[in-house]
């Protein structure tokens, strides 16, 4: 197998990743990509990087496998807790600014890069407690990484989640499992998991009320970020909320959102 990974080869994969996934890899990521490619080529018994590149151009399954290998899945329950505190404490503001929620008796939430499921399950716990009676909770959780989604659907987490999840939530929404803790069916029923690439057209027929897209846009360049912000605005209800990660902001971007708090915006 070809061991040398040239700058020209890196640039080909760099362009493919950007065009398909919107991820802008800089030169500093060359060795990381090289290591993952070596593993992928070994698994498929492919002799060269160029042969694997050609496979990715024609084989959707191989491309999905490649996405699994290069995407990051760092998450925790109640990560960046101020967002969940906002949902808990500002439900009256949320339903006043977005009357659709009470009019339709439902709230539609999108966890747009859900990874292994901690974010949407946290959203489900917090919103089940905070929503007015009679409001149905519907959470769509998507990610490009199939392996991460498989873990999310399984809903089984190590015992260390006790360090992240409040004792009240642990007792109410989890049960012990041989591998740690399992999310109870009543919470799982609130969340629908789907594989989705944020670069693709958004498929929503009905407007969304809340979008969590946190710690994702840091992997995109300004052009892709700008397109995503516009698409998020289009699919939100008037009064709908967009939550970004702590290292992200709409500052310097063209947008029609209003600022509520750091990393929280309203349509």
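Quick one: in segment 242-265, which of the residues that are under 20 Å from residue 99 (Cα atoms) and more than 19 Å from the chain's Cα centre (by Cα) is surrounded by the most Cβ atoms within 10 Å (Cβ to Cβ)?
Filtering first and then ranking leaves 257.
Return the total of residues in segment 17-29 being surrounded by fewer than 18 Cβ atoms within 10 Å (Cβ to Cβ) and farther than 21 Å from residue 142 by Cβ.
4
If you check residue 234 against the conditions, is it closer than 23 Å to residue 118 by Cβ and surrounded by fewer than 14 Cβ atoms within 10 Å (Cβ to Cβ)?
In short, no.
Could you tell me how many of the residues in segment 199-214 are touching a strand residue (DSSP E or B) at 6+ places or on another chain (Cβ under 8 Å) and within 24 Å of residue 65 (Cα to Cα)?
Qualifying residue count for the region: 2.
Could you identify the single residue in 104, 175 that is over 17 Å from the mean Cα position of the chain (by Cα), at pLDDT 95 or above and closer than 23 Å to residue 202 by Cβ?
Only one candidate qualifies: 104.
Residue check: is residue 37 in contact (Cβ under 8 Å) with a residue 40 or more places away in the chain, touching a helix residue (DSSP H, G or I) at 6+ places or on another chain (Cβ under 7 Å) and closer than 27 Å to residue 149 by Cα?
No.
Would you tally the residues in segment 169-182 being more than 20 Å from residue 80 (Cβ to Cβ) and in contact with a strand residue (DSSP E or B) (Cβ under 8 Å, 6 or more places away or on another chain)?
8
Does segment 1-19 hold any residues that are assigned to a helix (DSSP H, G or I), out of contact with any strand residue (DSSP E or B) (no Cβ under 8 Å at 6 or more places or on another chain) and within 22 Å of residue 46 (Cα to Cα), and which are they?
7, 8, 9, 10, 11, 12, 13, 14, 15, 16
Just to check your reading of the model, which residue among 27, 92, 12, 74 is out of contact with any helix residue (DSSP H, G or I) (no Cβ under 9 Å at 6 or more places or on another chain) and within 27 Å of residue 226 (Cβ to Cβ)?
Sole residue among the options that is out of contact with any helix residue (DSSP H, G or I) (no Cβ under 9 Å at 6 or more places or on another chain) and within 27 Å of residue 226 (Cβ to Cβ): 74.
Listed here are the residues, each with its yes/no results for (1) within 22 Å of residue 82 (Cβ to Cβ); (2) assigned by TED's automatic domain parsing to the domain that holds residue 104; (3) crowded, with 19+ Cβ neighbours inside 10 Å; (4) in contact (Cβ under 8 Å) with a residue 40 or more places away in the chain.
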| position | (1), (2), (3), (4) |
| --- | --- |
| 156 | no, yes, no, no |
| 167 | yes, yes, no, no |
| 186 | no, yes, no, no |
| 198 | no, yes, yes, yes |
| 216 | yes, yes, yes, yes |
| 230 | no, yes, no, no |
| 240 | yes, yes, yes, yes |
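Among the residues of segment 57-68, write down those that are over 19 Å from residue 198 (Cβ atoms) and part of a helix (DSSP H, G or I).
If the condition is that a residue be over 19 Å from residue 198 (Cβ atoms) and part of a helix (DSSP H, G or I), then 57, 58, 61, 62 are the ones that fit.
For segment 82-96, what are the residues that are in a helix (DSSP H, G or I) and more than 18 Å from residue 206 (Cβ to Cβ)?
82, 83, 84, 85, 86, 87, 88, 89, 91, 92, 93, 96
Quick check on segment 86-98. Is at least one of its residues closer than 30 Å to residue 45 by Cα, assigned by TED's automatic domain parsing to the domain that holds residue 194 and touching a residue at least 40 places away in the same chain (Cβ under 8 Å)?
no
The values are calculated or read from the model by the stated rules, or taken from the named source; none is laboratory data. Since we're looking at a predicted model, the values are computed, not measured. Ideal geometry is used to build each Cβ from the backbone, glycine not excepted, and the neighbour counts take in all protein chains shown.
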